[in-house]
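*Asks:* Before anything else, here's the structure in question.
The numbers here are math on the coordinates, done by the rules we state, and not lab data. Please read all numbers here as calculations on a predicted model, not as lab measurements. Note that we place each Cβ from the backbone using ideal geometry, even for glycine, and neighbour counts take in every protein chain shown.
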Amino acid sequence: MTRIISVVTPVYDGGDEYLCEAYESLRDERDRLPNGWDVQWLVQEDGTTGRPLNALPSQSWISPGQGSKGGAGATRTMALSRATGELVRTLDADDVIAPGGLARDIAAMEEHPEMGWCVSAGLDLLPDGSKVAGPYDPPEGPLAYETLLRAFDEDRFPVMGQHLTARTSLLLAVGAWPTLPAWETVAVVLLCAAVSDGWMIETPGGHYRKHPAQTTAQAGYVGITDADQLRVVVRAQAEALHATGWRWHAGG
């Protein structure tokens, strides 16, 4: 029986300029997966125009969908309605998977069955084609909730939520991606970490494209007026979940 890793990509009308490159990176990754594994690509439009999905080839492993506009977090979460994989991996519409990235994610989860999630280092892909490593990348090894929360408080969050791979049962149990105006990829890592240790993969798993049109480069995102409220609620949600004492474990 084929085992599946579901890759979730949110896209909005006008935000599909690099979607074909994301597709090509996943197409190539399918040949690098361990025996018995395959990819399901869940491309979900934040909206119902259908336009950003038109460029996608009609292939059995690609599952396009659309829904009411709700932002990136809600769009990712709604894509899970079609997920068949035991693992879920995030991929933004303007990013690409690094060669071997998915295979390393799968290997990490296979080698650490007690852990519910992993995350890989990332490289910023600059407009001139150069790649730059993140400033706070942790070394290979376990990632504990307390370490991540301390880094969040110090505004030095060390991992890229865009490179999260989580067991589907864990992701659903923590409510998937929160419907926040920003930082939903950071929030979901903290929520997963609140109930399960994770694993850091130091080899970059993807390229985070930096370009003027990206959502995180927009003035409304960078200079978000409710950033203080956002910081409070992201932390409070994670702490409330952690305080329950419940721990995720394989099988329930």
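*Asks:* What number goes with the only condition from (1) touching a residue at least 40 places away in the same chain (Cβ under 8 Å); (2) within 18 Å of the chain's Cα centre (by Cα) that Ile62 does not pass?
*Replies:* Unmet for Ile62, out of (1) touching a residue at least 40 places away in the same chain (Cβ under 8 Å); (2) within 18 Å of the chain's Cα centre (by Cα): (1).
*Asks:* If you scan the range 146-182, which residues turn out to be farther than 20 Å from Gly73 by Cα, in a loop (DSSP other than H, G, I, E, B) and of a type in the set (A, V, I, L, M, F, W, C)?
*Replies:* none
*Asks:* Restricting to the range 175-196, and then to whatever is in contact with an Asp or Glu (Cβ under 8 Å, 6 or more places away or on another chain) and of a type in the set (A, V, I, L, M, F, W, C), can you tell me which residue is surrounded by the fewest Cβ atoms within 10 Å (Cβ to Cβ)? Give the steps one after another, and end with the answer.
*Replies:* Taking the range 175-196 and keeping what is in contact with an Asp or Glu (Cβ under 8 Å, 6 or more places away or on another chain), we get 177-178, 181, 194.
With of a type in the set (A, V, I, L, M, F, W, C) added as a condition, the list becomes 177, 194.
Details: Trp177: 27, Ala194: 22.
Per the stated criteria, the residue is Ala194.
*Asks:* Look through the range 103-145, keep the residues that are assigned to a loop (DSSP other than H, G, I, E, B) and of a type in the set (D, E, K, R), and return whichever of them is farthest from His242 (Cα to Cα).
*Replies:* Asp128
*Asks:* Out of all the residues in the range 70-93, which are more than 13 Å from the chain's Cα centre (by Cα) and closer than 19 Å to Glu17 by Cα?
*Replies:* Gly71
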